[in-house]
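Structure, as structure tokens:
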Amino acid sequence: MSEGKIVPVGELAGTRGRILAVDFGDRRTGLALSDESRFLASGIGTISPGGIAATAAAVARTAAER
């Protein structure tokens, strides 16, 4: 699996690391980050940069930072 590629959830079973969950909304997008064991995820905030392109860029930045 290449980095930055979107893959089906089933393919994550053999991988390691945290998972960033994204809940896209009309007004804002919620973000949650799993723990290392992937057992529990906690909300890390929302973003509302405006427009799908700006939202996607903000999600990508958050993923890179975390």
inquiry  = Being in contact with a strand residue (DSSP E or B) (Cβ under 7 Å, 6 or more places away or on another chain) and either of a type in the set (Val, Ile, Thr) or open to solvent by 40 Å² or more (accessible area, probe 1.4 Å) (or both) narrows it down to one residue among Ala63, Ala57; which is it?
reply    = Ala63
request  = Would you tally the residues in the range 35-47 being open to solvent by 80 Å² or more (accessible area, probe 1.4 Å) and within 16 Å of Ala63 (Cα to Cα)?
outcome  = 2
inquiry  = I need the full set of residues from the range 1-34 which are at pLDDT 90 or above and open to solvent by 80 Å² or more (accessible area, probe 1.4 Å), in order please.
reply    = Arg18, Asp23, Phe24, Arg28
ask   = Just checking, which of Ile6, Ile44 is in a loop (DSSP other than H, G, I, E, B), without any contact (Cβ under 8 Å) to a residue 24 or more places away in the chain and under 11 Å from the mean Cα position of the chain (by Cα)?
value = Ile6
request  = Just give me the residues in the range 1-30 being of a type in the set (A, V, I, L, M) and in contact with a helix residue (DSSP H, G or I) (Cβ under 6 Å, 6 or more places away or on another chain), in sequence order.
outcome  = Leu20, Val22
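The values are calculated or read from the model by the stated rules, or taken from the named source; none is laboratory data. None of the values given here were measured: they were computed from a predicted structure. In this analysis, Cβ positions are derived from the backbone assuming ideal geometry, glycine residues included, and neighbour counts consider all displayed protein chains. Surface accessibility is based on the protein's heavy atoms, side chains included, excluding ligands, DNA and RNA. Shrake-Rupley method; radii C 1.70, N 1.55, O 1.52, S 1.80 Å.
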